[in-house]
Amino acid sequence: NALLHGRAVVGRKETLRQAFHELRYDMQKARQTLEGLTEKSRNHKKAANLAETGRKRYNSGEYALAERIFRDAAIADPRYTLPIAYLGHTLYKQGKYEEAAVAWKRAYELDPSSEGGKRAQEKLEMMKHQQTGVLRELEDLVRQSKGTTRKDTLR
């Protein structure tokens, strides 16, 4: 930008004072952008550290604690899919199946190609298979009970 403003001064499209003012404004914008990127980086690092801590708690069977840690990680960096996917795993282990599915869907929708997104998709597929199996079993039970009822009424 300094070169552009220098050319504008030479070409008499800007005064030196205007060019200086514009350069100062451009530097402030660049500083704000850099500070924002640094903040995002810090948040992601915090989320990654929390996710690692949560994973250790999950592996040791401390699911309630792991859940809180994964939720904190998701708050620290809402676009980081791995702790959100892990949150789904933790909720599932606690029998909170609907909440687990919501977490996995969120992780997958944020970034289907990320590690967290891929893990979430695998778990959603697993749940879908389980539901299909349960529905088949229920249908079989209904068929069996209807068959028994018909036989009983025919006698």
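The values are calculated or read from the model by the stated rules, or taken from the named source; none is laboratory data. Since we're looking at a predicted model, the values are computed, not measured. When we count neighbours, we look across all protein chains shown, and the Cβ atoms used for this are built from the backbone with ideal geometry, even at glycine. What goes into the accessible areas is simple: the full protein's heavy atoms, side chains included, and nothing from ligands, DNA or RNA. Shrake-Rupley method; radii C 1.70, N 1.55, O 1.52, S 1.80 Å.
What is the number of the single condition among (1) open to solvent by 70 Å² or more (accessible area, probe 1.4 Å); (2) closer than 30 Å to residue 117 by Cβ; (3) in a helix (DSSP H, G or I) that residue 29 does not meet? For residue 29, the failing item is (2). One residue stands out in region 97-123 among those that are part of a helix (DSSP H, G or I) and either among the polar types (S, T, N, Q) or touching an Asp or Glu at 6+ places or on another chain (Cβ under 8 Å) (or both): the one that is farthest from residue 48 (Cα to Cα), namely 121.
Among the residues of region 53-66, at least one is assigned to a helix (DSSP H, G or I), closer than 22 Å to residue 113 by Cβ and either open to solvent by 70 Å² or more (accessible area, probe 1.4 Å) or in contact with a strand residue (DSSP E or B) (Cβ under 6 Å, 6 or more places away or on another chain) (or both).
Go through region 80-96 residue by residue and tally those that are outside any helix (DSSP H, G or I) and touching a helix residue (DSSP H, G or I) at 6+ places or on another chain (Cβ under 6 Å).
2
Is one or more of the residues making up region 145-155 within 23 Å of residue 50 (Cβ to Cβ), more than 14 Å from the chain's Cα centre (by Cα) and open to solvent by less than 100 Å² (accessible area, probe 1.4 Å)?
Checked region 145-155: no residue is within 23 Å of residue 50 (Cβ to Cβ), more than 14 Å from the chain's Cα centre (by Cα) and open to solvent by less than 100 Å² (accessible area, probe 1.4 Å).
With respect to the stated conditions, residue 95 is out of contact with any Ser or Thr (no Cβ under 8 Å at 6 or more places or on another chain), under 17 Å from residue 64 (Cβ atoms), surrounded by fewer than 16 Cβ atoms within 10 Å (Cβ to Cβ) and not hydrophobic (A, V, I, L, M, F, W, C).
Taking the criterion of being more than 19 Å from the chain's Cα centre (by Cα) and modelled with pLDDT of 80 or more, the residues of region 21-55 that qualify are 21, 22, 23, 24, 25, 26, 27, 28, 29. Would you say residue 13 is open to solvent by 90 Å² or more (accessible area, probe 1.4 Å) and not in a helix (DSSP H, G or I)? The answer is yes for residue 13.
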